[in-house]
Amino acid sequence: MIRLDNRLELCSRFVRCGSRVADIGTDHAYLPAYLCQRGICPSAVAADINPAPLKSGGLTVANEGLTDKIELRLSDGLAEIGEDEADDVVIAGMGGELILRIITAWNYSKNENKRFILQPMTRSEELIAGLDRGGFEIIGQDCCEAAGKCYTVICAGYSGKAPCGDPLFPYLGKLKPRENPLHARFVRNHIARLEKKAIGEPAFGELAARLRNQIE
């Protein structure tokens, strides 16, 4: 049975039971294999832009006896994924700005039945802000620790809602830093980066102070 690290395991928690999943940037195809082995997903597409990761993914799929459930596909983001092939889309291990481009470039991203499970390695605030501007709603969000670092996972879907307008929202999303120590740790990382930027632009310092008030 496939075991996941904390980062991918947190992603798996947001995948809806019974959904068809597309894992974009799949690497070794561990996540779709995990989901199919446990009966969470009946089928999956494991996609990557490069042939080498797909080859590794193919070995995982074959070794786990999942060739009838997981299709490996060469795809630039979601370009080769059809509307009827995925209900839940996982995009993990990329920068927030790249994740946003992949979502907005997909013709079917505004289908309100779709869910996007997103794990940005960097610039989560840009991802959340872009989703908010585009009418996407943050349905759920959580954090985990993996390899000594703190990561966030965001579950989003299109709702057509008006943008939030709160300058803190891109940094907080659905996190509850006063209630959850990992959420607080993630927000403190934002604060540290903003305080560095404040050396040249005082407005970032004001934003950092407002975020600190959400923790203390």
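Once C-alpha pairs closer than 8 Å and six or more residues apart are averaged by separation and normalised to the residue number of the chain, the relative contact order reads 16 percent. Simple point charges give the picture: +1 on the Cβ of Lys and Arg, -1 on the Cβ of Asp and Glu, and for the chain a dipole about the Cα centre of about 620 debye.
For the chain, adding -39500 (n - 2.57) for each run of n ≥ 4 DSSP H residues and dividing by the number of residues yields -11000 deg cm²/dmol at 222 nm. Counting only DSSP beta bridges whose two residues both lie in the chain, roughly 40 percent are antiparallel. Placing unit charges on the Cβ atoms of the charged side chains and taking the dipole of the chain about its Cα centre, the candidate lying farthest along the positive direction among PRO42, GLY134, TYR151 is TYR151. Report the Cα centroid-to-centroid distance between the stretch 138-188 and the stretch 51-84 in angstrom, as an integer. Measuring centre to centre over Cα atoms gives 29 Å.
Toward the positive end of the charge dipole of the stretch 6-161, with +1 on the Cβ of Lys and Arg and -1 on the Cβ of Asp and Glu, the farthest Cα among LEU10, ALA62, TYR30 is that of LEU10. Of ASP76, ASP84, ASP132, the residue with the greatest mean-square motion in the GNM of the chain, using alpha carbon springs below 10 Å, is ASP84. Loop-resident trypsin sites (Lys or Arg not before Pro) (DSSP state other than H, G, I, E or B) in the stretch 115-175 with no more than 12 further Cβ atoms inside 10 Å of their Cβ: LYS161.
Every number here is computed from the coordinates shown, using simple stated rules; none is lab data. Computed from a predicted structure; not experimentally measured. Note: ideal-geometry Cβ built from the backbone for every residue, glycine included; neighbour counts use all protein chains shown.
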